[in-house]
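Here the structure comes first, spelled out in structure tokens, and everything after it is commentary.
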Amino acid sequence: MFASIAVLVNATQGLPFQTAFAVGIFCMLVGFTGLYFILHALLRYSAQRNYLIVLVENNPNLVAWVYYVKIENFPFGVRFIQYTTLYIHLLNQEKITLQMPEEDILDLMQLLRCRIPNATYGYSKYKEQLYNISPDLLVNEY
């Protein structure tokens with residue numbers, strides 16, 4: 001939004017009024033759209049994170065399967081970008097996904113292993129098939 005105001009002030013100097021007005025409206029539209037998406041992303045991330053905390057504290061037996069996926073892009077042999085996503089599958093077929101740095105995910109998975117020992121950890125096609133058949137098949141009974 002502040003970049004839009006800076007562009008508005010610097011780019012419209014010396015332009016006719018109608019052109020400056022049109023550029024100003026466009027910059028404000030871009031600024032408010034960016035602000036909306038940033039706020040929406042922060043609120044969604046916070047809500048899912050809080051849901052996970054409440055789930056672990058109150059209903060840890062609802063978690064059936066936990067794993068994470070790391071995707072790295074190596075165009076021309078140079079690591080360009082890395083995405084790491086934690087997936088938590090519940091017994092009611094719901095899924096919680098959190099994108100975090102890999103170090104944080106590994107710490108969180110250690111915490112989840114201590115708090116939720118009945119869940120299955122790690123990904124394999126076999127575990128995915130079991131979950132699709134019945135999530136109860138992945139719960140370890142002690």
Quiz prompt | Counted residues, region 74-105 - those being more than 18 Å from the chain's Cα centre (by Cα) and modelled with pLDDT under 85 | solution = 7
Self-check item: Residues (among the acidic types (Asp, Glu) and either touching a Ser or Thr at 6+ places or on another chain (Cβ under 6 Å) or in contact (Cβ under 8 Å) with a residue 40 or more places away in the chain (or both)) located in region 97-114
Solution: Glu102
Quiz item: of a type in the set (Lys, Arg), surrounded by 14 or more Cβ atoms within 10 Å (Cβ to Cβ) and farther than 24 Å from Leu42 by Cα - does that describe any residue in region 112-134?
Solution: yes
Quiz item: Going by the structure shown, is Leu35 assigned to a helix (DSSP H, G or I), at pLDDT below 90 and of a type outside the set (D, E, K, R)?
Solution: yes
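The values are calculated or read from the model by the stated rules, or taken from the named source; none is laboratory data. For clarity, every value in this text was computed on a predicted model and none was experimentally measured. Here the Cβ is made from the backbone with ideal geometry for all residues, glycine too, and neighbour counts use every protein chain on show.
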